[in-house]
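Okay, structure first, notes after.
The values are calculated or read from the model by the stated rules, or taken from the named source; none is laboratory data. Keep in mind that this is a model prediction, so the values were computed, not measured. A quick note on method: Cβ atoms are made from the backbone with ideal geometry, for glycine too, and the neighbour counts reach across all protein chains shown.
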Amino acid sequence: MSVLKDIRWRFNFIIGPVFGILLFSYFVYHSIQGHHGLLAWRQLELRIAEAEKAFYVLDEKKMKLETRVKMLRPDNLDPDMLEEQSRKLLYFSHKDDIIVILKDEKTKS
């Protein structure tokens, strides 16, 4: 009987720490590898940094376009901008303008 009692006592003595270690290991693993763990957090930080870079590039483009639009508004019409746009879009030019056509590098050969 004492052998069974000794085995049962040792089992009861060991089961608590083993269960505690397993539970601790489970939480450590999921705090690193889980959906909300450290690795997922790092990937999220990288995605945020990429999105911020893209945002700043687009914001800069937006500011340039807003400046150009502001110059073309009727209340603040810039004559030089209007002339530039008419030449560019409608191929208008003055009768005194000299047009020089340059060859592309691709068509030189």
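If we scan the stretch 12-19, do we find a residue that is modelled with pLDDT under 85 and not hydrophobic (A, V, I, L, M, F, W, C)? Yes; the residues of the stretch 12-19 include at least one that is modelled with pLDDT under 85 and not hydrophobic (A, V, I, L, M, F, W, C).
Pairs are defined by a Cβ separation below 7 Å, a sequence spacing of at least 6 or placement on different chains, a first member in the stretch 75-94 that is under 19 Å from L65 (Cβ atoms), and a second member that is in a loop (DSSP other than H, G, I, E, B); the pairs so defined are S86/F92. Among the residues here, S31 does not qualify as among the polar types (S, T, N, Q) and either within 15 Å of the chain's Cα centre (by Cα) or surrounded by fewer than 10 Cβ atoms within 10 Å (Cβ to Cβ) (or both). Residues in the stretch 32-70 that are under 30 Å from S86 (Cα atoms) and of a type in the set (S, T, Y): T67 only. Pairs meeting the criteria (first residue in the stretch 1-19 and of a type in the set (A, V, I, L, M, F, W, C), second residue assigned to a helix (DSSP H, G or I), beta carbons under 9 Å, at least 6 apart or on different chains) are lacking.
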